[in-house]
Amino acid sequence: MKNLLGFSILLLASFTSFAQEIPSSAIQIKTALMAAPDEKKDGAMIYGYTSSGEWTVLRKGTNDLICITDDPAGKGFSVACYHDSAEPFMERGRQLKKEGKGFQEIFNTRESEGKSGKLKLPKDGSTLYVLTAEAENYNPQTGDVKDTYLRYVVYIPWATSESTGLPLKAYAPGMPWIMDPGTHRAHIMITPPRN
């Protein structure tokens, strides 16, 4: 019985370690850039993880695009790139999440700080590109990903359906619509049809 328990713990530890294996910096950079527009890839800044799982800058940037690699502890595969004007908003969200705050508390904190001016929000809008895939379609050793899906978000804080002319939901595949209207997190969702 002791041997079975010990084996089970060892197996679980091995599985957890394997499931959260951190890809090399080169693989993280390669995959993060999959979400970037071609003309922005060479100068984009890249956030990722050290071999011990610490959040870090993997590559300094020379343009206005910031990319984030896949979270090895997350479900599936997801990378994103966004305009640097959204960095204060994104960084504040990461800080609050690290403090253990949930979605609603993060939303409320950023809403309050955005209204007071403490949190700097994108003035003219800021685009976010999100590329996803199922876990089985991602090889963290090679950085190869297949059957990806790219969607777009344009942050326009405080915008409403009335100020933009956008509907509150998509009425056709790929149709832009506004989510969280009238808040610091107001954004245009553009979700192209999946193949």
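Per-structure values
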quantity	calculated
Probe 1.4 Å, all protein chains present, accessible-area order of R151, R185, largest first	R151, R185
Magnitude of the charge dipole, the chain, Cβ model with Lys/Arg +1 and Asp/Glu -1, debye to 20	340
Using a Förster distance of 30 Å, the FRET efficiency for N139-V57 (Cβ separation, nearest 0.05)	0.75
Mean ellipticity per residue at 222 nm, deg cm²/dmol - from DSSP H runs of n ≥ 4 across the chain, formula -39500 (n - 2.57)	-8500 deg cm²/dmol
Computed lengthening from K97 to M175, 0.36 nm per intervening residue step minus Cα-Cα distance	25.0 nm
Average accessible area per residue (Å²) across the stretch 73-195 - probe 1.4 Å, nucleic acids and ligands excluded	57
Largest to smallest principal axis extent of the C-alpha atoms in the stretch 84-195, angstrom	45, 37, 24
Solvent-accessible area, 1.4 Å probe, carbon plus sulfur percent, for the chain	56
The chain: relative contact order in percent, alpha carbon pairs under 8 Å with at least 6 residues between	16
Eligible lysines near K41 by straight Cα distance, threshold 16 Å, same-chain separation 8 or greater	K30, K60
Structure-derived Rg/Rh (Cα atoms, Kirkwood Rh): which label, when the choices are (1) 0.93; (2) 1.03; (3) 0.97	(2)
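The values are calculated or read from the model by the stated rules, or taken from the named source; none is laboratory data. Given the structure is predicted, the values throughout are model-derived calculations rather than measurements. A quick note on method: Cβ atoms are made from the backbone with ideal geometry, for glycine too, and the neighbour counts reach across all protein chains shown. SASA here: full protein model, heavy atoms, side chains in, ligands and nucleic acids out. Shrake-Rupley method; radii C 1.70, N 1.55, O 1.52, S 1.80 Å.
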